[in-house]
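Chemist: Sharing a structure with you now.
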Amino acid sequence: MSGPLLDRLEAERVHEQRRAARALLRRPLLGPTEDEFPLVRRHADVLRAWFEVNTGWRLIVDPELARLEKVPADPGDGTRPLLDGQKRPFSRRRYVLLCLALAVLSRSEAQVTLGVLADEVLLQAADPDLAATGVEFSLQTAEERRDLAAVARTLLEMGVVRRVSGDEETFVRATGDVLYDVDRRVLASLLAAERGPSTVPATDPGERLEALIAAPPPLTEEARTRAVRHRLTRRLLDDPVLLHTDLDAEEAAYLTSQRTALCRRIEEFTGLVAEVRAEGIAMVDPADELTDLRMPEDGTGGHVALLVAELLTARDPEPVSLDGLRRHVHRLAQENRPNWRKGSADPGAEIALVADAVDRLAALRLVRVVPGAVSALPPLHRYALRGPVPPPPAPPEEP
């Protein structure tokens, strides 16, 4: 084959691998109906090796499933919750119902109705240990049925179940039921952990989560270096920005010496572009496919977030109290009443507007939240309001 043809074939191979890698980062569990699933299967060996070497994440690929077992760099990060179909964060009760539903499905028949699932979840929710945590579930209200329906739709999206007949909304209205097929292959692949939950003796949720995903401690210098590389690569792939102030001494030393190579490997494999600043590194997606939260964004919530960012950067480095932010947003709501969504200027509406803005900015690693106050992190200053820049002076006229 001629040189140009070989070059085109190589470019196509790289393009396919990149598409497959991005698909797994965007959706770590892919079924055979997904567009990129054939590409993941075709390039499984290369993908598996890259993720293992650079992140420590396992990739499982078979004819029915591709599962990238992503493990977060910070298991205590609560800024990116599971969202329902209306992009609303899951409540504590919905998380509990999701776990109970998965436990029920692991012992169910090949087909199950939402009504039967609800009855079994109800039995599980009556456990005294669970009731002692304050989680209540009785299926007596439409709100509780709506919570279970949201869990069912999440299971549908994950591929754990497939709808055979019916609709979840009829279950919410108590006028009908839904029949599902259960995909045990997908169900068995959901848990990404280093050990089984039953082997973890800790009872504190944070400690249990840490123990579930904790890898064996590195025993050699090479293993310690590999563990640092895994942590940094995970954060660059998953987090909006990697701040130098969040690194320990070992991580900072590795990044100082290996930053160029680390960023180049990610850029070549995923198509993300490293934006390196004095305060840290952000991997930017020019195609805007791997972005789950945008800044700036259209709508009232996006506008409020920008205006809150303006205030925080103006007050930096002093934090701003949540009460101060609410008063500020209340005034802004009166000024922007014609343009913001209905009800934004009502008394008390500023509480939810500020909470949404702060959650958005925290998820993007733009602010630090402490009890009762918020302060700007360095990347937030790109959204600061600056005065007009005067044009350069004109050169003197020649005599």
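The values are calculated or read from the model by the stated rules, or taken from the named source; none is laboratory data. These figures come from a predicted structure and were not determined experimentally. Reconstructed Cβ throughout: ideal geometry from the backbone, glycine too, with neighbour counts over all protein chains shown.
Chemist: Would the stretch 8-28 turn up any residue that is of a type in the set (S, T, N, Q) and within 18 Å of LEU272 (Cα to Cα)?
Modeler: yes
Chemist: Ok, one more. Suppose we filter the stretch 35-55 for residues that are surrounded by 17 or more Cβ atoms within 10 Å (Cβ to Cβ), part of a loop (DSSP other than H, G, I, E, B) and free of Cβ contacts under 8 Å to residues at least 40 places away in the same chain; how many remain?
Modeler: Qualifying residue count, the stretch 35-55: 2.
Chemist: Can you tell me which residue is farthest from SER189 (Cα to Cα) among those in the stretch 141-165 that are among the aliphatic types (A, V, I, L, M) and without any contact (Cβ under 8 Å) to a residue 40 or more places away in the chain?
Modeler: Among residues in the stretch 141-165 that are among the aliphatic types (A, V, I, L, M) and without any contact (Cβ under 8 Å) to a residue 40 or more places away in the chain, the one farthest from SER189 (Cα to Cα) is ALA142.
Chemist: Moving to a separate point now. If I ask for residues that are part of a loop (DSSP other than H, G, I, E, B) and either modelled with pLDDT of 95 or more or over 30 Å from GLU267 (Cβ atoms) (or both), which ones from the stretch 194-205 would you list?
Modeler: Matches in the stretch 194-205: ARG195, GLY196, VAL200, PRO201, ALA202, THR203, ASP204.
Chemist: Has the stretch 257-280 got any residue that is more than 30 Å from HIS330 (Cα to Cα), under 19 Å from the mean Cα position of the chain (by Cα) and of a type in the set (D, E, K, R)?
Modeler: No, because not a single residue in the stretch 257-280 is more than 30 Å from HIS330 (Cα to Cα), under 19 Å from the mean Cα position of the chain (by Cα) and of a type in the set (D, E, K, R).
Chemist: Follow-up question, since we're still on this one. Determine, yes or no, whether SER138 is outside any helix (DSSP H, G or I), within 21 Å of LEU191 (Cβ to Cβ) and not assigned by TED's automatic domain parsing to the domain that holds PRO32.
Modeler: Against the criterion (outside any helix (DSSP H, G or I), within 21 Å of LEU191 (Cβ to Cβ) and not assigned by TED's automatic domain parsing to the domain that holds PRO32), SER138 does not qualify.
Chemist: Right, something else. Within the stretch 103-127, can you find the residues that are over 22 Å from ASP167 (Cβ atoms) and part of a helix (DSSP H, G or I)?
Modeler: Across the stretch 103-127, the qualifying residues are ALA103, LEU123, GLN124, ALA125.
Chemist: Within the set of pairs 6+ apart or on separate chains, which have a first residue in the stretch 327-346 that is among the polar types (S, T, N, Q), a second that is part of a loop (DSSP other than H, G, I, E, B), and C-beta atoms under 6 Å apart?
Modeler: Close Cβ pairs (under 6 Å, with a partner that is part of a loop (DSSP other than H, G, I, E, B)) amount to GLN334/ALA345.
Chemist: A further question on this structure: Which condition number in (1) crowded, with 16+ Cβ neighbours inside 10 Å; (2) of a type in the set (S, T, N, Q); (3) under 25 Å from PRO378 (Cα atoms) is the one that SER344 fails?
Modeler: For SER344, the failing item is (3).
Chemist: Could I ask something else about it? Return the residues of the stretch 1-34 that are surrounded by 11 or more Cβ atoms within 10 Å (Cβ to Cβ) and in a loop (DSSP other than H, G, I, E, B); say none if nothing qualifies.
Modeler: ARG27, PRO28, GLY31, PRO32, GLU34
Chemist: Of the residues VAL160, VAL200, VAL241, VAL178, only one is assigned by TED's automatic domain parsing to the domain that holds ALA278 and not basic (Lys, Arg); which?
Modeler: Going through VAL160, VAL200, VAL241, VAL178 in turn, just one is assigned by TED's automatic domain parsing to the domain that holds ALA278 and not basic (Lys, Arg): VAL241.
Chemist: Still on this structure, please answer the following. Can you tell me which condition LEU123 does not meet? The list is (1) hydrophobic (A, V, I, L, M, F, W, C); (2) in the same structural domain as THR175 (by TED's automatic domain parsing); (3) surrounded by fewer than 16 Cβ atoms within 10 Å (Cβ to Cβ); (4) under 25 Å from the mean Cα position of the chain (by Cα), and all the others hold.
Modeler: If we test LEU123 against (1) hydrophobic (A, V, I, L, M, F, W, C); (2) in the same structural domain as THR175 (by TED's automatic domain parsing); (3) surrounded by fewer than 16 Cβ atoms within 10 Å (Cβ to Cβ); (4) under 25 Å from the mean Cα position of the chain (by Cα), just (4) comes out false.
Chemist: So which residues in the stretch 1-43 are aliphatic (A, V, I, L, M) and over 24 Å from the mean Cα position of the chain (by Cα)?
Modeler: Correct list: MET1, LEU5, LEU6, LEU9, ALA11, VAL14.
Chemist: When you look at LEU380, is it at pLDDT 95 or above, on the phi < 0 side of the Ramachandran plot and of a type in the set (A, V, I, L, M), yes or no?
Modeler: The answer is no for LEU380.
Chemist: Which residue out of LEU47, LEU59, LEU24, LEU39 is at pLDDT 95 or above and under 30 Å from ALA357 (Cα atoms)?
Modeler: LEU24
Chemist: Restricting to the stretch 164-183, name every residue that is part of a strand (DSSP E or B), under 30 Å from the mean Cα position of the chain (by Cα) and surrounded by fewer than 16 Cβ atoms within 10 Å (Cβ to Cβ).
Modeler: Correct list: VAL164, ASP181.
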